[in-house]
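Report on one structure; see the data block that follows.
The values are calculated or read from the model by the stated rules, or taken from the named source; none is laboratory data. Bear in mind that the values here come from a model prediction, so they are computed numbers and not experimental data. Note: ideal-geometry Cβ built from the backbone for every residue, glycine included; neighbour counts use all protein chains shown. These area figures cover heavy atoms from the full protein model, side chains too; ligands, DNA and RNA do not enter into them. Shrake-Rupley method; radii C 1.70, N 1.55, O 1.52, S 1.80 Å.
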Amino acid sequence: ATIQEDAFYNYAKLSYEIGNIYTSVPEVISGYLEKYPQTYYRIQLEELLIDSYISSKNYRAAYDLLLKNPKFENRESLQIVRYYLGIEALNNGNLTEASRYLEEALSENVNAHYHAKATYWNAEVDYRLGKYDVAYLGFQRFKQQPGYQQLDENKNLDYNIGYTLFKNKNYKDAIGYFDAFLKQTGNSP
């Protein structure tokens, strides 16, 4: 029995490390945890399981696992999963759900990269919901995040700020942001 447990553990670990063409990695790890719930390796395998869910873009399963087990607390993974759930909801047009997940991601300020991205996309959700003043403040908060210049979201920032100002009929300031966007992209106003 001990050899079987050890073999299954190594199979689960190897599946994670090199992949498994026969069974999905989350299935292998979950199978091990179901068969050996009192295992010494539980925390390690749960971390691998969450990472495998994230890698396979199964954010819902990772989120459920993170919330289900109070002993297993990985705030950074929770922040990342909430961010991706927010982006999924946004892409599916569910703005209310997107806002909720992105706000939750912002509440876990562990990973600065994902905090900045969540700030930007939460402002985008506010814009799409017609909350232009709130969106403007969100985009400005994004500009205060460390390293925001290196993120892809920065490419359209001046354009988005310009539109929030435009929607609020602040045309003079909007023109300034549109001009800055055009200069950044190499176009002349």
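What's the total number of residues in region 20-43 that are open to solvent by 40 Å² or more (accessible area, probe 1.4 Å) and over 27 Å from residue 86 (Cα atoms)?
Applying the first criterion (open to solvent by 40 Å² or more (accessible area, probe 1.4 Å)) to region 20-43 yields 21-24, 27, 34-35, 37-38, 40-43.
Then drop every residue that is not over 27 Å from residue 86 (Cα atoms), which leaves 21-23, 34-35, 37-38, 40-42.
Final tally of qualifying residues: 10.
Could you say which residue among 130, 176 is at positive phi and in contact with a helix residue (DSSP H, G or I) (Cβ under 9 Å, 6 or more places away or on another chain)?
Numbers: 176 fails: at positive phi.
Answer to the selection: 130.
Quick check, is residue 171 open to solvent by 50 Å² or more (accessible area, probe 1.4 Å), free of Cβ contacts under 8 Å to residues at least 40 places away in the same chain and touching a Leu at 6+ places or on another chain (Cβ under 8 Å)? Before you say what the answer is, go through the steps one by one.
Numbers: open to solvent by 50 Å² or more (accessible area, probe 1.4 Å): yes; free of Cβ contacts under 8 Å to residues at least 40 places away in the same chain: yes; touching a Leu at 6+ places or on another chain (Cβ under 8 Å): yes.
In short, yes.
Consider residue 113 against the criteria (1) crowded, with 19+ Cβ neighbours inside 10 Å; (2) within 23 Å of residue 76 (Cα to Cα): it satisfies all of them except one. Which criterion is unmet?
Single failed check for residue 113: (1).
Conditions: (1) buried (at least 18 other Cβ atoms within 10 Å of the Cβ); (2) of a type in the set (S, T, N, Q); (3) out of contact with any helix residue (DSSP H, G or I) (no Cβ under 6 Å at 6 or more places or on another chain). Residue 77 meets all but one. Number of the miss?
So the condition that residue 77 fails would be (3).
Name the pairs whose Cβ atoms lie under 9 Å apart, with the first residue in region 1-30 and touching a residue at least 12 places away in the same chain (Cβ under 8 Å) and of a type in the set (A, V, I, L, M), the second in a loop (DSSP other than H, G, I, E, B) and open to solvent by less than 100 Å² (accessible area, probe 1.4 Å), and 6 or more positions between them or separate chains?
Hits for this filter: 12/41; 25/19; 25/56; 28/20.
Given the options 118, 89, 105, 62, name the one that is under 14 Å from the mean Cα position of the chain (by Cα), buried (at least 16 other Cβ atoms within 10 Å of the Cβ), closer than 26 Å to residue 11 by Cα and not charged (D, E, K, R). Step through it out loud before you land on a result.
On the way: 118 fails: closer than 26 Å to residue 11 by Cα; 89 fails: closer than 26 Å to residue 11 by Cα; 105 fails: closer than 26 Å to residue 11 by Cα.
Result of the check over 118, 89, 105, 62: 62.
Being open to solvent by 50 Å² or more (accessible area, probe 1.4 Å), more than 14 Å from residue 130 (Cβ to Cβ) and of a type outside the set (Phe, Trp, Tyr) is the filter here; which residues of region 156-168 pass it?
As a first pass, look at region 156-168 and keep what is open to solvent by 50 Å² or more (accessible area, probe 1.4 Å): 156, 159, 163, 166-168.
Pick out the ones that are also more than 14 Å from residue 130 (Cβ to Cβ) and you get 156, 159.
Residue satisfying the conditions is 156 alone.
Yes or no, residue by residue, for (1) within 30 Å of residue 145 (Cβ to Cβ); (2) assigned to a helix (DSSP H, G or I):
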site	(1), (2)
8	no, yes
13	no, yes
27	no, yes
30	no, yes
33	no, yes
54	yes, yes
80	yes, yes
90	yes, yes
93	yes, no
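In region 56-78, what count of residues is obtained for those that are part of a helix (DSSP H, G or I) and either at pLDDT 90 or above or not acidic (Asp, Glu) (or both)? Working first, answer last.
In the first step, residues of region 56-78 are kept if they are part of a helix (DSSP H, G or I); the result is 59-68, 75-78.
In the following step, the residues that additionally are either at pLDDT 90 or above or not acidic (Asp, Glu) (or both) were identified as 59-63, 65-68, 75, 77-78.
Summing the residues that are part of a helix (DSSP H, G or I) and either at pLDDT 90 or above or not acidic (Asp, Glu) (or both) in region 56-78 gives 12.
Tell me which residues, restricted to region 128-150, are surrounded by 19 or more Cβ atoms within 10 Å (Cβ to Cβ) and outside any loop (DSSP other than H, G, I, E, B).
135, 136, 138, 139, 142, 148
Go through the residues of region 47-54 one by one and say whether even a single one is within 30 Å of residue 138 (Cβ to Cβ) and under 12 Å from the mean Cα position of the chain (by Cα).
Quick first cut of region 47-54, residues within 30 Å of residue 138 (Cβ to Cβ) only: 50-51, 53-54.
Remaining after also requiring under 12 Å from the mean Cα position of the chain (by Cα): 54.
Scanning region 47-54, I find at least one residue that is within 30 Å of residue 138 (Cβ to Cβ) and under 12 Å from the mean Cα position of the chain (by Cα), so the answer is yes.
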